[in-house]
1. Under 13 Å from the Cβ of A:Asp116, count the other residues' Cβ atoms, weight Lys and Arg +1, Asp and Glu -1, and hand me the total.
2. Within region B:110-137, find all residues whose amide N lies under 19 Å from a label point positioned 7 Å from the Cα of B:Thr90 along Cα-to-beta-carbon.
3. According to the Kirkwood expression over distinct Cα-Cα pairs, how big is the hydrodynamic radius of the protein assembly as shown, in Å?
4. Quick one: if the Förster radius is 22 Å, what FRET efficiency do A:Gln209 and A:Ser64 give, using the C-beta to C-beta distance and rounding to 0.05?
5. List the lysines whose Cα lies under 17 Å from the Cα of B:Lys138, skipping any in the same chain that are fewer than 8 positions away.
6. PRE reach from A:Lys126 (point 7 Å along Cα→Cβ): which of region A:65-109 fall under 18 Å by backbone N?
7. Can you name the helices of chain B, as whole DSSP H runs, whose Cα span along the helix axis is 18 Å or more and whose Kyte-Doolittle mean is not below -1.0?
8. Please figure out what share of the DSSP beta bridges in the protein assembly as shown is antiparallel and state it in percent, rounded to the nearest 5.
Amino acid sequence: MRNLVFGLLFIAALSACKSNESKTTLPIFGTRQALTKIVDGKSVTDTVYQTIPKFKFVNQYGDSISNKNLDGKIYVADFFFTTCPSICPQMARNMLKVYGTYKNSADVRILSHSIDPKHDSVPVLKKYADKLGVSGNTWWFLQGKKEDVYSIAEKSYLVAVKQDSSAAGGYVHQGYFVLVDQQKRVRGAYDGTDAKQVDQLIADIKTLQAEVSSKPIQ
Amino acid sequence: MKYSRIFAAISTLSIATLLIVSCESNTSLEFKRYYSEGAEVYQTRCQNCHGNDGAGLSALIPALNDSTFLKKNKSSLACAIRYGMKGAITINGKAYNENMPAAELAPMEIAQVITYMNNSFGNQLGIVNMDEVEADLKNCK
C-alpha cells in the first residue's frame, strides 16, 4: 500500500516537472513571410519574421543608441514621459522590478522611449533616472525625433501613442512592456501596470535567455 | 427620599453612559464610512503614483507614511490634494521636489481620502471630516 502511494506521488511529481518544462517557447508576433531561395540549386523555403527596424535615439547619458547596440540582446521596450501623471509611475514601479532582476545580466536591456521629446531632454531624462535609482547601462531612457518615436511605437512595437490635449498630461499612450528577442522579433507584450503580467515578463526573459536553438535571421 | 436620590444618581449615570456609548459608536461608524469610501477614492485617484501600499516611488514620489509630516501639515492636506503641490518637501528625512497634479475631488471625497491615508500605511491619526476640509479649503494659498 505504502509503495503504491509513493509510486503515485513519484508519477505525480514527474508529470508536474513535465508540464513545467513543456512551456519553453514564446510566440513570435508580427507578420511573417515565406521566402523561397535557391540554395545549392535547390529551392528552400524559409520563414521571415517581422523585426524591429533600424533606429537611432539618444540615451540619458547623451550617448547615441541604435539598433546595433541591441544586437544579440533581449530587451524590453516601453513608452512614457517624465511628467506623466497617469499610468507611468505604476509602469516605472513595475519596470524597476525587471531592472532589479536583470541589471547584472549583460544580455538584457530596457528601453524607455519618451513620447514628449520636447520636454524630456537628455538632462531631464538623466535626472529622472537618477531619482528612480537607475544607473549603469541596463536601462536606457531615450529621446528621439517625435515622428521616429511615434512611428516605431505604432508600426514596430504595436503600441498606440498620440498627443491629446484633453488627456491628463497631454498624451495618451498604452502601458505595454514589449519583449524583443535577440533577433529583434517581438515575443510578448505585457500590461506594464499589472504586477502579475510583469512577473510573467520577468519569467519570459529567462525563457528567452535559455532559447538557443533558433537560427539567426539573414 | 434616600431611594429617589439613589435612583436619580443611577439613572443619570446610565443616561450618561448611554450617551457616551452611542457617541462612540456614532464616531466609529462615521470613521468606518469615511475610511472605506476613502479607500476607493485612493485606489482610483492616488494609487497609480503613491502605490497600493503608499510607499511612493524611489526619490520621485514620496511615501504617505510620515505621520509627523501629516500631523504637522494637517490643515494644508486638503489644499494640496485639491490644487496640487509644488516645491521642496522632506518626507521621512528624504528630499522630494516634483509636482503633484491637482485632483478635482469634492470636499467629501477629500475628507474621505485623507481619513483613509491618515489611518493606513502605519498612520493612526483619526478622522478628518467634511467640515474641517471645507474650512481648510477656504485658506488655500
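1. Details: positive: A:Lys118, A:Lys145, A:Lys146, A:Lys162; negative: A:Asp120, A:Asp164.
In short, +2.
2. Within reach of a label on B:Thr90, which here means backbone N under 19 Å from a point 7 Å along Cα→Cβ, region B:110-137 contributes nothing.
3. On the way: mean 1/r = 0.0407 Å⁻¹.
For the protein assembly as shown, the Kirkwood estimate is 24.6 Å.
4. Details: r = 27 Å, r/R0 = 1.21.
Using R0 = 22 Å, I get an efficiency of 0.25.
5. Once the sequence-local lysines are set aside, what remains near B:Lys138 is B:Lys74.
6. Of the residues in region A:65-109, A:65, A:82 have backbone N under 18 Å from the label point off A:Lys126.
7. Numbers: long enough: B:2-45 (63 Å, 0.01).
Span-like helices, by this rule, are B:2-45.
8. Details: 28 of 39 bridges.
Expressed as a percentage, antiparallel bridges in the protein assembly as shown total about 70.
Read-outs: derived from the displayed coordinates by stated rules, not from any lab. The structure presented is a predicted model; accordingly, all values stated were derived computationally and were not measured. Because the Cβ atoms are built from the backbone with ideal geometry, glycine has one as well, and the counts that use them run over all protein chains shown.
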